[in-house]
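None of the figures in this text is laboratory data; all of them are computed from the coordinates on show. In this text, all values refer to a predicted model and were calculated from it rather than measured experimentally. All Cβ positions, even for glycine, are placed from backbone atoms using ideal geometry, and neighbour counts span all protein chains on display.
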Amino acid sequence: MHATIQVNKELRTIDLSRPLDISIPLTDGSKNPLAWYLDKPVIEPVRVDNWVGQVSEGASVNFNTIRFNPHAHGTHTEGVGHISKEFHSVQESLQQFFFTAEVISVTPENFGEDLVVPSAQLKGLLQGKNPEAVIVRTLPNTSAKKSKNYSHTNWPYLHENAAKLLRELSVKHLLIDLPSVDKEKDDGKLLAHKAFWDYPKNPRLDATITEFIYVPNHIGDGSYILNLQTANFVNDATPSRPVLYKLL
Ligand SMILES: N[C@@H](CC(=O)c1ccccc1NC=O)C(=O)O
């Protein structure tokens, strides 16, 4: 099924039968990716007295309870409520689900002991484009990202000015293939989160950050339509499933 959509004044076509999924599936397996010092998710049948919620154990249905953390266990989308004193559900920040998007591949640069994506690199890669969403793939891009335990690894992060640049370009949705856009252990500074959301000065309630995506190498850099869907959890963050469609 093809859909023709109007993007600004141009008509563009996408093929809905060719979704490019850039989420990481959440499982209770030992290969599920991890961060923030948590153990893997738990998916287990409900047990009440002698009853086990599993068809192979005699129940009529499979009836699992899932225990997981959206920030630690895979692809998730968050709003400014992730860092604010006041409660804000990410759902307040995501009320439309299709966006113009640009995939860029960045090479984090040495910065003291850290690897950082500087503003100038983002600026160069965006080539003056003005998408609603920017999808950041960090290089090297290996499939090990889908099953990595990131705890205590000091992963690469966006320089505060890189996040600020995206805000100044009015980018509403920032997606990245790391557990956080910020440094793992930063004493709570969260500089890139704050710069992107303009928090606390002028909090951007209509902007989201999606972390822990994986952009397979067969998806080239360039322009796409992004469908960003989440489970409807009322929380600062929720598991999400970003899907790209190539512009034909
Ligand atoms: N970088 C922060 C910690 C942080 O961001 C964080 C810590 C535990 C669980 C989740 C965190 N951030 C998640 O998005 C710090 O070092 O204080």
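Taking amide H positions as modeled 1.01 Å from N, with prolines and chain starts lacking one, the residues under 5 Å from Leu247 and 5 or more places away or on another chain are Ile225.
Suppose R0 equals 22 Å. What FRET efficiency, 1/(1 + (r/R0)^6) with r the Cβ-Cβ distance, do Glu57 and Lys31 give to the nearest 0.05?
Values: r = 25 Å, r/R0 = 1.14.
My answer for the efficiency is 0.30.
Considering only Ile83, Ile135, Ile176, the Gaussian network model of the chain with Cα springs below 10 Å gives its largest mean-square fluctuation to Ile83. Over all Cα atoms in segment 1-103, the spread is summed up by Rg and Dmax: 19.9, 63 Å.
Anisotropy class assigned to segment 135-220 is oblate, per the alpha carbon gyration tensor with a/c at or over the 1.5 cut-off and a/b no larger than b/c. Segment 181-213 and segment 26-67 have Cα centres lying 32 Å from one another. Largest GNM mean-square fluctuation among Phe63, Phe98, Phe212, using the chain with Cα springs under 10 Å: Phe63. Its relative contact order, with pairs defined as Cα atoms under 8 Å and 6+ residues apart, puts the chain at 28 percent. Here each label is just a point 7 Å from Cα along the line to Cβ, and for Gln96 and Ser170 those points are 1.1 nm apart. Let me make sure I get this right: for segment 38-155, a, b and c are the square roots of the gyration tensor eigenvalues over alpha carbons, sorted descending. Under 1.5 in a/c it's rounded, otherwise prolate if a/b > b/c, else oblate. Which is it? Verdict is prolate for segment 38-155.
What percentage of all Cα-Cα pairs in the chain are separated by more than 23 Å?
Working: 15964 of 30628 pairs.
Roughly 52 percent, once rounded to a whole number.
This model, with +1 at the C-beta of Lys and Arg and -1 at the C-beta of Asp and Glu, gives the chain a dipole about its Cα centre of some 440 debye. Here the label points at Lys123 and Ser143, each 7 Å from Cα along the C-beta direction, are separated by 3.8 nm in the simple model. Ordering Leu26, Leu248 from the fewest to the most neighbouring beta carbons within 10 Å gives Leu248, Leu26.
Going through the cross-link list Lys31/Lys189; Lys148/Lys183; Lys148/Lys201; Lys40/Lys164; Lys85/Lys246, which pairs have a Cα-Cα distance over 28 Å in this structure? Display every interim value, and only then the final one.
Values: Lys31/Lys189 30 Å; Lys148/Lys183 17 Å; Lys148/Lys201 35 Å; Lys40/Lys164 33 Å; Lys85/Lys246 39 Å.
Exceeds cut-off: Lys31/Lys189; Lys148/Lys201; Lys40/Lys164; Lys85/Lys246.
The calculated 222 nm mean residue ellipticity attributable to helices in the chain amounts to -2500 deg cm²/dmol, summing -39500 (n - 2.57) over DSSP H runs of n ≥ 4 and dividing by all residues. Here the residues Thr208, Thr13, Thr230, ranked from fewest to most Cβ neighbours within 10 Å of their Cβ, fall in the order Thr13, Thr230, Thr208. Qualifying trypsin sites (Lys or Arg not before Pro) in segment 196-248, where qualification requires a DSSP coil assignment and no more than 10 other C-beta atoms within 10 Å, comprise Lys201.
Would you mind working out the magnitude of the charge dipole of segment 122-248 relative to its Cα centre, with +1 at each Lys and Arg C-beta and -1 at each Asp and Glu C-beta, to the nearest 20 Debye?
200
Please say if segment 22-68 is rounded, prolate or oblate, where rounded means a/c under 1.5 for a ≥ b ≥ c the square roots of the C-alpha gyration tensor eigenvalues, and otherwise the choice is prolate for a/b larger than b/c and oblate otherwise? In terms of gyration-tensor shape, prolate. As a proxy for reagent exposure, ranking Val48, Val117, Val136 by other Cβ atoms within 10 Å from fewest up yields Val48, Val136, Val117.
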